[in-house]
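Novice: The structure is given below, and queries will be raised subsequently.
Every number here is computed from the coordinates shown, using simple stated rules; none is lab data. Note that the structure is predicted; figures quoted are calculated from it, not measured. So basically every Cβ, Gly included, is an ideal-geometry build from the backbone, and we count neighbours across all protein chains shown.
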Amino acid sequence: MSNTPHELAEDFPQYVSLMHHLRETDAHFARLSHAYHEINRAIHRAETDIEPVDDFRMAEMRKERMRLKDELYTMMARHEPVPESPTES
């Protein structure tokens, strides 16, 4: 069991500035990001026995964190600039 929080900035360092931008400009992304942060902290508190939960609740929280992370990643990846195709000479 890992007691290290899964912070988005640590998991996706290449997207740190994009995350900041999307939190300010995209209300849906901001809500998902906040929900991810909340569930991530709850899992960390449970793993460190600050606020223990039963195994079923822990599994449900981890599934929700993964679902949120996947959705956030999809949104960030969609905003990546598309590489320009080389011009033919």
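Novice: Would you mind calculating the gained length between ALA27 and LYS63 on full extension (0.36 nm times residue separation, minus the Cα-Cα distance), in nm to one decimal?
Specialist: Details: separation 36, 0.36 × 36 = 12.96 nm, distance 2.29 nm.
Full extension of this stretch gives 10.7 nm more.
Novice: Still on this structure, I have one more. All other residues with a Cβ under 14 Å from the Cβ of MET66 taken together, and with Lys, Arg as +1 and Asp, Glu as -1, what is their net charge?
Specialist: Details: positive: ARG62, LYS63, ARG65, ARG67, LYS69; negative: ASP11, GLU60, GLU64, ASP70, GLU71.
Net of charged neighbours comes to 0.
Novice: Within a Cβ distance under 12 Å of GLU7, other residues only, what is the Lys/Arg minus Asp/Glu net charge? The partial results should precede the final answer.
Specialist: Details: positive: ARG41, ARG65, LYS69; negative: GLU10, ASP11.
Neighbourhood net charge equals +1.
Novice: Given axes a ≥ b ≥ c from the Cα gyration tensor, I'd like to know whether the range 8-78 is rounded (a/c under 1.5), prolate (a/b larger than b/c) or oblate.
Specialist: Numbers: a/c = 2.40, a/b = 2.20, b/c = 1.09.
It comes out prolate by the Cα gyration axes.
Novice: What length, rounded to one decimal in nm, is gained on full extension from ARG78 through to LEU18, with 0.36 nm per residue of separation minus their alpha-carbon distance?
Specialist: 20.5 nm
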